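Every number here is computed from the coordinates shown, using simple stated rules; none is lab data. All values derive from a computational prediction rather than experimental measurement. Positions of Cβ are backbone-derived with ideal geometry, glycine not excepted, and every protein chain shown enters the neighbour counts.
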Amino acid sequence: MVGAMRCVVALVLLIGCADASKQIEKLADRACACTEAACAETVLDDFVAFAKANPAMSGDQDDAIKQAKRLSECSTKAGVPLATLMAKMKAVQAAH
């Protein structure tokens, strides 16, 4: 789990985070409402798509990191395997 958190934090720092922190917060809220892995994976896919579509942002990085951690924690709590979480984050990193 710690490795996944580092990956998510690195991703957030990589993409910056202008209004991104608010979007990530919305995604985290969705992930935290999930009770099944499939739901949380859909949210993660949306997060990956958002990050790829918005590579150059700036703003509240602390909040973005906090929300990305929450998204990650809720996704794994819903049953997303750590390997799946890591793969999705690596896909975003590879695009940058």
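For this structure, a couple of remarks:
- Label-point gap, in nm, between residue 49 and residue 86 - each point 7 angstrom along Cα→Cβ: 2.6 nm
- Listed peptides 28-35, 63-70 by packing density, highest first (mean Cβ within 10 Å): 63-70, 28-35
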